[in-house]
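As structure tokens, the structure follows; a few thoughts come after it.
Readers should treat all values here as calculations from the given coordinates under stated rules, not as data from a laboratory. None of these values were measured; they are calculated from a predicted model. Positions of Cβ are backbone-derived with ideal geometry, glycine not excepted, and every protein chain shown enters the neighbour counts.
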Amino acid sequence: MEILLKSNAGYYAMRAPETNAGLLDEFSDALWLEDGLSRNTLDSYRNDLQLFGEWLNKRNQGNGILTEATHADLLEFLASRVSAKMKASTTSRELSSLKRFYRFLLRQGKISSDPSLNIETPKLQRHLPDSLSEKEVELLLSAPDLRLPLGLRDRAMLEVLYASGLRVSELINLRYSQVSMDMGVLRVMGKGRKERLAPLGEEALEWLNRYTREARAALLNGIVTDTIFVTTRGAAMTRQAFWYLIKRYAQQVGITKQLSPHTLRHAFATHLLNHGADLRVVQLLLGHADISTTQIYTHIARERLKQLHASHHPRG
């Protein structure tokens, strides 16, 4: 952005200094245009970079301009995060945000060198996602009170989530225009604006139809929307609200495992592999761009591997 300054010789243009907020806006816009990243992912990048900017501002006594950060600044910031006993995964993600941001600035000609260059991302131990046994899934699915419209909605949401392996963000934003009731499939726009088809299965389709017939109109109370799963205010549910529901229902049926919003997605993948599904098929159903992301599930699908060994190995 240019500003006009006045001198004895008249007006002249001078480029205004870039603000951190402006830089982050440009960066977020570029990520959205290039990769179609979700709002949650964009917010995560922004929060990491704002945190670094605040640290830089405090360290340099008011000079926290991100374009002026040095290689030493980044190293010191990361060291401070380790000293604060932040999780290794958190520090790794923050470094990833910084690297991508400074590559963007260099590409745009806003900096002459990349201060994040030659800072290695630590190798993290891959944690196995928490999953549920098939019996535990059945308990969780049976928890909602089907006498209530909200209970029918929750049962349908849990069934669709387990049957399709959707991400929670994909589930809460699901619309009827994405569902083919005749074919029993969902058309989902996942990360990076990549579209995939997810089968529903007869059980989930039956619960979705029942919720639509018996409960949805009562929740909407005259409000018109294409969003499938709605609250009593007629709006789409938030991720936090759905996470609260999963925790409440798990406690209700005595499931004590550490759960996450993606617990049923993990169970979906694990149970498919346990029953003989091909890893590439599971990759497509989950919408993973790289099969290495899917391979983590092979470590928790031990039941199927043991059965195969017992059935086919001469010493099994």
Quiz item: Once the other residues with Cβ under 13 Å from the Cβ of Ala84 are scored (Lys, Arg +1; Asp, Glu -1), what is the net sum?
Solution: +1
Quiz item: Looking at the P(r) of region 145-243, how many percent of alpha-carbon pairs lie beyond 23 Å?
Solution: 18 percent
Quiz item: Given H placed on each backbone N at 1.01 Å, which residues far from Ile65 in sequence or on other chains put an amide H within less than 5 Å of it?
Solution: none
Exercise. Show the residues, 5+ positions off or on another chain, whose built amide H is closer than 5 Å to the amide H of Val185.
Key: Ser180, Leu200
Quiz item: Taking K and R as +1 and D and E as -1, what net charge do the other residues with C-beta under 14 Å from the C-beta of Val224 add up to?
Solution: +2
Self-check item: region 217-282 - Debye-derived log10 I(q)/I(0), Cα point model, q = 0.13, 0.17, 0.24, 0.28 Å⁻¹
Solution: -0.58, -0.80, -0.97, -1.09
